[in-house]
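The values are calculated or read from the model by the stated rules, or taken from the named source; none is laboratory data. None of the values given here were measured: they were computed from a predicted structure. Here the Cβ positions follow ideal geometry from the backbone for every residue, glycine too, while neighbour counts run over all protein chains shown.
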Amino acid sequence: MTGGRPKLEAMAYLDHAATTPMLPAALDAYVAAARELGNPSSLHAAGRGARRLVEESRERIAAALGARPSEVIFTGGGTEADNLAVKGIFWARRDADQRLRRVVASAVEHHAVLDAVDWLGRHEGADTALQPVDAAGRVDPEAFAELVRAHGAEIAVVSVQWANNEVGTVQPVAELAALAAAAGIPFHTDAVQAVGQVPVDFAASGAAALTLTGHKVGGPVGVGALLLGRDVTCTPLLHGGGQERDVRSGTLDTPGVVAFATAVEAAVAGRDEHVSRVAALRDDLVERVCAAIPDAIYNGDPADRLPGNAHFSFPGCEGDALLLLLDAQGIYCSTGSACSAGVAQPSHVLLAMGADDPRARSSLRFSLGHDSTKADVDALLAALPGAVERARRAGAWKTPR
Amino acid sequence: MRVLAAMSGGVDSAVAAARARDAGHDVTGVHLALARNPQTFRTGARGCCTLEDSRDARRAADVIGIPFYVWDMAEEFHDSVVDDFVNEYAAGRTPNPCLRCNEKIKFAAVLDRAVALGFDAVVTGHHARLGADGLLRRSVDLAKDQSYVLAVLTRAQLDRAIFPLGDSTKERVRAEAAERGLAVADKPDSHDICFIADGDTRGFLESRLGSAPGDIVDGRTGERLGTHNGAYGFTVGQRKGLDLRVPAADGRPRYVLSITPVTNTVTVGPREDLEVDVVTADRPIWHGPAESVTCEVQLRAHGEVVPAAVAVSPDALVATLASPMRGVAAGQAIVAYRPDPEGDIVLGSATITAGSRVSSHA
C-alpha cells in the first residue's frame with residue numbers, strides 16, 4: 001500500500017457519499033465532448049455546436065428532475081450552488097425589503113450551507129438561526145411551522161437539505177417547502193446526496209431552489225447545478241459574462257456539463273433498480289456489522305434513509321484510528337467531514353442529533369454506490385472486527401496521563 | 001517493521017521517513033496537529049503546525065510513497081507542553097518544551113497510540129544516534145545534535161524509537177532531500193518555541209499569567225534596584241532586559257541569579273555569583289552502569305559540557321562539577337554523557353532543582 005493511487009480491484013470502496021466512480025457512459029461522453037472545439041457563447045458554428053451540447057444537457061437534467069430547462073443554472077459544483085442559493089436569494093430578498101434579514105438552515109446542513117449562513121451573519125448583518133433536529137437527524141415540521149408563524153415576515157431564505165451526507169437521513173422536504181411557500185419564503189434544498197437515491201422532482205417538491213452535483217451521481221467533479229425557480233430572484237456571486245441567466249458567470253464547461261447530464265439521466269433512470277440492489281447490500285452490511293460488533297450504534301433513521309448509507313458509532317474507538325486500520329487493508333470509508341488540515345473533527349451532524357463528543361468522534365460512514373458488490377461488504381466484515389478491537393485498545397490514548 | 005514516521009513538514013522528518021522506507025520498513029506518515037488554531041502560513045523560521053506545514057508533510061509522503069494522516073494532538077500538547085511551560089515559569093523555573101514534547105507527546109501519546117494500532121516503532125527526524133547497541137549518542141553533526149532533548153526518554157521509549165539521521169550532517173540531509181525530489185529540501189530550519197509564533201516569550205507568559213509587578217534586588221546587599229512586571233519573565237543567567245535604574249557600584253553588568261516566586265523577587269548580582277559547582281536534580285532517567293560515575297554533563301540545550309562526578313539514586317541526581325558553570329537554571333535538564341569516539345553516549349538525565357557554590361571563588 002502506498003500513498004499513490006490505489007488499484008481499483010484491490011480495494012473495497014465504501015465512500016460513495018464522498019465521490020463516486022464515473023460511469024463509463026459519462027466518461028465516454030466527457031472525452032467525446034472534450035475533443036470538440038468551441039465556446040458555447042461564441043456565435044460561429046463551433047460555438048453553436050458547443051452551445052447545442054450544453055442546451056441538450058440542460059434539457060436532459062431538467063427532464064430527469066421535474067424542472068424546466070430555464071431553471072437549470074450550471075455551476076462549478078455543489079458548494080457553489082449552495083452558496084449561490086443561500087447568499088444570492090438572501091441578498092435579493094433583503095435588497096427588496098430591509099425587514100427580510102433572517103436566514104434559517106437546519107443544524108445538520110453541509111458546511112457549504114452552514115458556512116454560507118454563518119458568513120451572512122458575520123458580514124451581512126443577517127440573523128441566523130439553525131433549526132434543531134431530532135435524534136434521527138430530522139427537522140420537525142411542527143417546530144418549523146412555529147418558526148414560520150413567529151418570524152415569517154423576517155425570513156429571507158430557508159435551506160434544508162434533502163438528505164444528509166453523513167447519516168443519510170431524508171428530510172420531509174415537501175412538507176417544509178409547503179410551509180415556507182405558504183408564507184411566501186423561498187425554500188432551498190441541497191439535494192446533492194439525494195439525486196439518484198430517492199425520487200427528486202423539483203416542481204413537485206415545492207422548493208424554490210435545489211442543489212445537485214455531478215460527482216455524487218457518477219459524473220465528473222467540478223460541475224453541478226442550481227435548479228432555480230423562474231420567479232425566484234437571486235443576486236449573483238460571480239460577475240462576468242452572465243452566461244447562466246445572468247445569475248452565474250463563467251465560460252461553461254461543455255464536456256463537464258455533457259458528462260454531468262449523462263450521469264444524472266442514468267442515475268435517475270436506473271434509480272429503482274439501484275435502490276433495491278444497493279439497499280439490500282446495505283441492509284446486509286448493517287445486519288452483519290451489528291452481529292459482529294454488538295455494541296455498535298447504528299446512527300440516523302433506520303428506515304427513512306439513503307439506500308447506500310450505513311453510519312455507525314463504535315464506542316471506545318476513535319473514528320480516525322479505525323479509518324487508518326481499514327485503509328491499510330484497502331477498505332475506504334469516512335469519518336465525516338474533514339477540515340482542510342485533515343484533522344478529524346467531531347461531526348456537527350452527530351452532535352446536533354444529541355450524540356456526545358466521544359460518540360461523535362467514534363463514528364464511521366460506509367456509503368455504497370452503483371459499483372458496490374457483496375465482495376465489498378465481505379471485505380469490510382473480514383477487517384472490521386479486528387480493527388474495532390485494535391482501535392479500542394488505542395482509544396485510551398485520549399485519557400489524561 | 002511497521003513504523004510510524006512523525007512528519008512535521010520539515011526537511012529532517014521527511015528524510016527520516018524516506019530512509020526508514022528504504023531500510024525496508026512499512027512506513028506510515030503522520031503529521032501532528034498541535035496548535036489549537038493553526039495559522040495558514042509559516043512566518044520565517046518560527047511557528048509550526050501551520051496548514052502549510054501539514055501540506056508540506058503530505059507532499060513529502062506522496063513523494064516517498066507512503067500513506068499519510070494528520071493526528072490531532074492539540075489537546076495533549078496544550079495540556080502536557082504549553083500548560084507545563086507556563087506553570088514552570090510561574091514556579092520560577094526555566095522549562096525546555098522540546099524535551100517535554102518528546103517525553104509526553106512524540107514518545108508517549110503518539111507512541112502509545114501507534115503501538116496500540118499495531119505499529120512497532122516511531123521514526124523521527126531528530127539528530128541523534130540510536131544504534132543496534134541501544135545506546136543513545138550525539139549526532140555526528142554536533143551543531144545540530146538533539147540528544148539533549150531526547151535524554152529524558154526511558155529505556156522502553158528508546159526501544160521503540162528510530163532516529164535515521166544521526167549519522168548525517170544537516171547539510172547532507174538537505175542534499176539528500178534535494179536528490180529525493182523533496183520540496184522541503186531548502187525549507188528554513190525551525191527555531192525558537194513552536195507555539196510562540198512571534199518569538200516573544202515574555203509577552204506570551206504575560207498574556208497567560210498576567211502582570212505581576214515585583215522587586216529586583218541585589219543578591220549581596222539586599223538593596224532594591226528596580227521593579228519588574230512578572231518574575232516569570234526572567235531566566236537565571238539573563239543579563240538583558242533588567243532595565244535597572246541604579247548602576248552597579250563597580251559599573252559591571254548584573255545577571256539574574258535566582259527567581260523567588262513566593263516573594264515575586266528577582267535577585268541579581270555580578271557574573272561570578274552565577275557560578276555553581278554542585279548541581280542537584282530530580283526525576284532521574286538513568287541508563288548508566290553505576291550509581292556513581294565520572295562523566296561529562298550538559299546543563300542546557302546547546303550548552304557546553306563540563307567534567308563531573310555524578311551520583312544517582314532512584315529519586316535524585318547530584319553532579320559535582322570539575323569547574324564552575326554559570327547560567328544553571330532550575331527546570332532545565334542535566335544530561336550526563338560518556339565521551340566516546342563513536343559519539344558521546346547518553347548515560348541519563350534529570351531535571352535541575354538547584355545549583356550551589358561549594359568551592360571558594362578563585
Checked B:Ser54, B:Ser8, B:Ser13 against criteria (modelled with pLDDT under 95, in a helix (DSSP H, G or I) and outside the structural domain of B:Ala333 (by TED's automatic domain parsing)); the one match is B:Ser54
Six or more apart or on different chains, Cβ under 6 Å: which pairs go from a residue in region B:1-29 that's more than 14 Å from B:Arg160 (Cα to Cα) to one that's assigned to a helix (DSSP H, G or I) and acidic (Asp, Glu)? Could you list them? B:Gly9/B:Asp53; B:Gly9/B:Asp56; B:Val15/B:Glu176
Given the residues A:Pro358, A:Pro315, A:Pro255, A:Pro307, which is the only one that is away from chain B (no Cβ under 14 Å), over 30 Å from A:Ala25 (Cβ atoms) and not in a strand (DSSP E or B)? A:Pro315
Checking B:Glu88 against (1) more than 16 Å from B:Leu158 (Cβ to Cβ); (2) part of a loop (DSSP other than H, G, I, E, B), the condition it does not meet: (2)
Does B:Ala109 fit the bill of being within 9 Å of chain A (Cβ to nearest Cβ) and either over 21 Å from B:Thr201 (Cα atoms) or without any contact (Cβ under 8 Å) to a residue 12 or more places away in the chain (or both)? yes
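Determine whether B:Ala90 is touching a residue at least 12 places away in the same chain (Cβ under 8 Å), touching a helix residue (DSSP H, G or I) at 6+ places or on another chain (Cβ under 6 Å) and within 14 Å of chain A (Cβ to nearest Cβ).
no
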Looking only at region A:361-400, filter to residues that are charged (D, E, K, R) and within 14 Å of chain B (Cβ to nearest Cβ); which one of those is farthest from A:Cys290 (Cα to Cα)? A:Lys398
Tally the residues that are buried (at least 18 other Cβ atoms within 10 Å of the Cβ) and touching a residue at least 12 places away in the same chain (Cβ under 8 Å), restricting the search to region B:197-218. 5
Does region A:258-269 contain at least one residue that is within 20 Å of A:Asn165 (Cα to Cα), crowded, with 21+ Cβ neighbours inside 10 Å, touching a Leu at 6+ places or on another chain (Cβ under 6 Å) and in the same structural domain as A:Val72 (by TED's automatic domain parsing)? yes
Does B:Ser80 satisfy being among the polar types (S, T, N, Q) and within 14 Å of another protein chain (Cβ to nearest Cβ)? yes
For region B:160-196, how many residues meet the condition of being surrounded by fewer than 18 Cβ atoms within 10 Å (Cβ to Cβ) and under 30 Å from B:Asn87 (Cβ atoms)? 3
Confirm whether A:Ala261 is over 26 Å from A:Leu65 (Cβ atoms), among the small types (Gly, Ala, Ser) and not in a loop (DSSP other than H, G, I, E, B). no
Please tell me if A:Val278 is more than 28 Å from A:Asn83 (Cα to Cα), surrounded by fewer than 21 Cβ atoms within 10 Å (Cβ to Cβ) and β-branched (Val, Ile, Thr). no
For region A:94-113, which residues satisfy the criterion of being of a type in the set (S, T, N, Q) and surrounded by fewer than 20 Cβ atoms within 10 Å (Cβ to Cβ)? A:Gln98
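Has region A:286-306 got at least one residue that is in the same structural domain as A:Ala387 (by TED's automatic domain parsing) and aromatic (Phe, Trp, Tyr)?
yes
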Determine whether A:Leu147 is in the same structural domain as A:Gly222 (by TED's automatic domain parsing) and assigned to a helix (DSSP H, G or I). yes
Candidates A:Ser313, A:Ser367, A:Ser362 - the one that is under 20 Å from B:Arg113 (Cα atoms), in contact with an Asp or Glu (Cβ under 7 Å, 6 or more places away or on another chain) and of a type outside the set (A, V, I, L, M, F, W, C): A:Ser362
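Residue by residue, here is whether (1) at pLDDT below 95; (2) out of contact with any Phe, Trp or Tyr (no Cβ under 7 Å at 6 or more places or on another chain); (3) buried (at least 23 other Cβ atoms within 10 Å of the Cβ) holds:
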| residue | (1), (2), (3) |
| --- | --- |
| A:Ile293 | no, no, no |
| A:Ala310 | no, no, yes |
| A:Glu318 | yes, yes, yes |
| A:Tyr332 | no, no, no |
| A:Gly354 | no, yes, no |
| A:Asp357 | yes, yes, no |
From the option list A:Glu71, A:Glu142, A:Glu59, single residue qualifying as surrounded by fewer than 21 Cβ atoms within 10 Å (Cβ to Cβ), within 24 Å of A:Gly219 (Cβ to Cβ) and modelled with pLDDT of 95 or more is A:Glu59
